[in-house]
Amino acid sequence: MRTKILLTPLLLAGLASCGQEVSYQAPEFPEQHEVKVEVLNDQYLFRYANQPALYDSLLIVGDLNDEAYICLFNRYSGHLASAFGRRGNGPGELITPVGYSVDQAKGYLYVNDYGRRSVFRYDLNHWEEGRPAYQEIRLDGEIGERNRILHVKDSLFIARGMFYRLILATPEQTVQKSFPPTPDSRHFRTDRDWYAFTENACEAVSPSGDLYVAATAYGGILEICPIGEQGIGNPSYRYFYEPHVRQEGHVYTPTPETVYGFCHLSVTDRFIYATAHGRKNPTAMPTTIWKFSLSGEPVAAYHCGDTSIESFTVDEERQEIYAVAYGKNGEHILGRISMNTD
C-alpha cells in the first residue's frame, strides 16, 4: 500500500531540553475519582496476561502460554471466544510475541514475533480453521533487534532500533530514522546513555496513528511524538520524577533513592492514560490509572481501591477501561472500569 510519508528523514534537532536545566514536578490531577473494577473473567488460567486491546465486541489479551499466546474474549460477557497461536516454528505458530497492535479501521490484529523476526497480521473479520486468517510479514532488516514494533497506520510500523530512538518503516523499506539528543544533559552524557535509560519504557500509538507516546520506568518522563505526513515530528517531554541512577559501564541502574515511574500506557486520539508507581521501591503494581491531555497535562486520576492494574486499554466512546488486574489471590483477572463517575 502506498504511503503519504515522505522518504526524507527529519532532523530531530533543537530539543529545548538539550543542555538546559529540567524541572521535575510530580503530577497533580485536578480530578480524583474512586472507581470499582468489575470482574469480567476470573476463571481463565492465564500464565501471564498482558497488553489488552479492543476491537468491536472482542477483548484481545496476550498471554505467555505456549499453547495459546492470543486470547479473544467477549468484552461484554467476559466469555472466552477463541485462543490460538501456540509456540512453534510451523505455519501460524509463534515463538516470542512481544507486542500487540490493532488497526481499528480494518480489523487487523498485528503481533510482533521477536523470535521469528516477523509481524503477524490477523484479520479479525475473516476466520479459517478456528482462528483469524493471517499473513506473516517480514519487515525491513534495518529495524534492528525488532523487540519493539508497533503498527501505526496503512502499511507503516514504528520501532526502536539498536542505535536509533525511533524507526519508521514499511515492510519493504525504512522510511525514517531518528536519533534525538538527550533530553536532560545533567544526567546523561550521550545519546546512547539516554537510550539505555529509556530501554525499559512503555509505549503506545494512538488509534489514528498520529501520536506515539513513550514513558520511562525509572523516574517519570513522558515523551510525546507526533506522526504526520512529514514523518516523526519533534518530540515534547514532561518530567514528573527525577531519576536517581548510577552508571556501571554503559548501563544505568537504579539507586535506593530512585522513584519508579511508568508501567503501562494506553493512548486514544484525545487523551493519554497511564499507570505509574510514583514512589521508591514499590512492592506491587499501581492501583491508580492516570489521565493526561495529549500534551501531557494531568487531567484525572482513577483510583481502583486495592486492585492492582497490570495493563489496560480504553474505550472513550463508552467511557470504559478494560484491564488485566490482580485478584485477591494474586491471579490475573479481566476487569472493566466505568469512567462515568457522576
(message) Keeping all protein chains in place and using 1.4 angstrom, which order do 56, 154 fall into by accessible surface area, from largest down?
(response) 56, 154
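Which entries of 177/291; 280/328; 106/328; 36/291; 153/280 show an alpha-carbon separation above 26 angstrom in the structure shown?
177/291; 106/328; 153/280
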(request) For the stretch 97-150, give the percent of accessible area contributed by carbon and sulfur heavy atoms, probe 1.4 Å, rounded to a whole number. (result) 41 percent
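Counting other C-beta atoms within 10 Å, and keeping those with at most 15, which DSSP coil GluC sites (Glu not before Pro) do you find in the stretch 270-342?
Sites meeting the loop and neighbour criteria: 316, 317, 331.
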(request) Please report, as a whole percent, how much of the solvent-accessible surface of the stretch 235-342 comes from carbon and sulfur atoms (probe radius 1.4 Å). (result) 45 percent
(request) Over the chain, give the accessible area per residue in Å² for a 1.4 Å probe, as an integer. (result) 45 Å²
(request) Would you mind giving the average projected area, over all directions, of the Cα convex hull of the stretch 223-342 in nm² with one decimal? (result) 10.0 nm²
(request) Find the Cα radius of gyration of the stretch 97-165, compare it with 2.2 N^0.38 Å by division, and give the number to two decimals. (result) 1.12
(message) Using helices alone, I'd like the mean residue ellipticity at 222 nm for the chain: each DSSP H run of four-plus residues gives -39500 (n - 2.57), total over residue count, nearest 500.
(response) -500 deg cm²/dmol
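Tell me the net charge near residue 115. Cut-off is 11 Å between Cβ atoms, residue 115 excluded, with +1 for each Lys or Arg and -1 for each Asp or Glu.
Values: positive: 87, 116, 117, 146; negative: 93, 113.
For residues surrounding residue 115, the net value is +2.
The values are calculated or read from the model by the stated rules, or taken from the named source; none is laboratory data. These numbers come from a predicted model, not from an experiment. No Cβ is skipped: glycine too gets one built from the backbone with ideal geometry, and neighbour counts run over all protein chains shown. The protein model used for the area step is the full one, side chains on, heavy atoms only, and it has no ligands, DNA or RNA in it. Shrake-Rupley method; radii C 1.70, N 1.55, O 1.52, S 1.80 Å.
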